[in-house]
Amino acid sequence: MVANLSAIRNDFPILQRSLPNGKPLVYLDSGASAQRPQVVIDKISEVYEQYYSNVHRGVHQLGDRVTTEMESARSRIQNFIGAEHPEEVIFTSGTTMSINLVAQAWGRHYLKAGDEIILNEMEHHANFVPWQVVAQEQGAVLKFIQLTPDGRLDLEHYQSLLSAKTRMVSVTGMSNVLGTINPVEEMARLAHEAGALFFVDGAQSVPHLPVNVVESEIDFLAFSGHKIFGPSGIGVLYGRQALLENLPPFLFGGNMISEVHLDESKWARLPARFEAGTPAITQAIALGTAIDYVTELGFDAIEAQEHHLSQYALEKLLAVPDLEIYGPQELAERGAIFSFNIAGAHPEDLATLLDRRGIAVRHGHHCTMPLHQHLKIPASVRASLCFYNTTEDIDALIEAIDFARQRLRLA
Ligand code: PMP
């Protein structure tokens, strides 16, 4: 384990516990939702115990404090993603909401019949269905970048799809199934050369890889608090100021207006225009603490540890008889997410038997039905790792897979 991460597990109280069946928890499901360090849990308590009230409204001292805390979180998130202005950081309920916001607000306003949106088959349903629906509504066309046999995007095919008709390219920074890390910087440049906008679904990439929206020319970026060691119910939409300023609001009500009259209303400035209603106040503040936590660890240490774990996991998993891993086998092109099947084992049976040994993994289509159709499999088992995992966790996974193979009479 990388030196300054060796004590990291102690920051996460849940990782110290044993399960009701007495087995120690081996948490390999951070891709679905990560765990929170004590500082984030403490921050949540601090807000409720000391200064909780509504934001942006009261002149009272609690309102003042809670607003200052929330706006400070916004500024720290701005710095974390390299955005130019705090107003470019919109608090949403998560990645799903962030993508729906742009698909609906931008799509309904700007998309015309015959316009094209470029996606691909590895996308999570959250970065798929919102575009599909708005394309159907507006008569726009979805185009799909082909995948290579090892689960990367075929960039030559991508270039051949780009044209004057392309209005939006939306891609995941890291696949939640294949682990593929997509070359967003190069893809953004190509999208812009074609005059299109570029959206990154950062749900899986932002917690594990550094991002700079300005340097990478990302127009929109979405990510979720619960995958980056913060609370659930909060997420971020980053949008370039000039773009957000020219988008109509998506939700209407309190906080997002500047004037309301019986016959018409006027909208507030950014970011309030896209934050109708009472936001997830405590969650937004605690997301700021989670971002500080990641910043302090530093991506050099995070990436080194996750690379070390990935190398170990890949070697051990590939040695299991009849086990197939989906996605790139080159570590430089993938994150610490391993989806696999074992010939003759149903993924649900496998996940259930692993759970008996205290191993938390996910099974199913992981909200990527088109990808599973492409792979010609109904489902898979997914072990997603994070810097707080250890090689002992991977040994426990391999031992539990052995146990499952015996129970399923595969060994
Ligand atoms: N995109 C990707 C790549 C994801 O992995 C997920 C979560 N599984 C989402 C989008 C949706 O995130 P949320 O459920 O937090 O909105």
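Is it the case that residue 90 is over 24 Å from residue 194 (Cα atoms), hydrophobic (A, V, I, L, M, F, W, C) and within 16 Å of the ligand (Cβ to nearest atom)?
Against the criterion (over 24 Å from residue 194 (Cα atoms), hydrophobic (A, V, I, L, M, F, W, C) and within 16 Å of the ligand (Cβ to nearest atom)), residue 90 qualifies.
Could you please find all residues in the range 373-390 being open to solvent by less than 30 Å² (accessible area, probe 1.4 Å) and touching a helix residue (DSSP H, G or I) at 6+ places or on another chain (Cβ under 8 Å)?
Matches in the range 373-390: 379, 380, 381, 383, 385, 386, 387, 388, 389, 390.
Do the conditions hold for residue 200, that is, is it away from the ligand (no atom under 16 Å from the Cβ), under 24 Å from residue 125 (Cα atoms) and of a type outside the set (Phe, Trp, Tyr)?
It is false that residue 200 is away from the ligand (no atom under 16 Å from the Cβ), under 24 Å from residue 125 (Cα atoms) and of a type outside the set (Phe, Trp, Tyr).
May I ask you to list the residues in the range 306-340 that are open to solvent by 20 Å² or more (accessible area, probe 1.4 Å) and under 30 Å from residue 76 (Cα atoms)?
307, 308, 332, 333
Considering 169, 206, 177, which residue is among the hydrophobic types (A, V, I, L, M, F, W, C), within 16 Å of the ligand (Cβ to nearest atom) and in a strand (DSSP E or B)?
Within the list 169, 206, 177, the selection yields 169.
Looking at 28, 5, can you tell me which residue is crowded, with 18+ Cβ neighbours inside 10 Å and at pLDDT below 95?
Going through 28, 5 in turn, the sole match is 5.
What is the one condition in (1) over 21 Å from residue 150 (Cα atoms); (2) surrounded by fewer than 23 Cβ atoms within 10 Å (Cβ to Cβ) that residue 361 does not satisfy?
(2)
Which one of these does residue 137 not meet: (1) in a helix (DSSP H, G or I); (2) under 17 Å from residue 183 (Cβ atoms)?
Among (1) in a helix (DSSP H, G or I); (2) under 17 Å from residue 183 (Cβ atoms), the lone unmet condition for residue 137 is (2).
Which residues, taken from the range 96-116, are open to solvent by 10 Å² or more (accessible area, probe 1.4 Å) and within 16 Å of the chain's Cα centre (by Cα)?
96, 97, 100
Taking the conditions exactly as written (aliphatic (A, V, I, L, M), in a helix (DSSP H, G or I) and either open to solvent by 20 Å² or more (accessible area, probe 1.4 Å) or in contact with a helix residue (DSSP H, G or I) (Cβ under 6 Å, 6 or more places away or on another chain) (or both)), does residue 142 satisfy them or not?
No; evaluated as a whole, the condition is false for this residue.
The values are calculated or read from the model by the stated rules, or taken from the named source; none is laboratory data. This is a predicted model, so every value here is computed, not measured. Cβ sites come from the backbone with ideal geometry, for glycine too, and all protein chains shown count toward neighbours. The accessibility values were calculated without ligands, DNA or RNA, using every heavy atom of the protein model including side chains. Shrake-Rupley method; radii C 1.70, N 1.55, O 1.52, S 1.80 Å.
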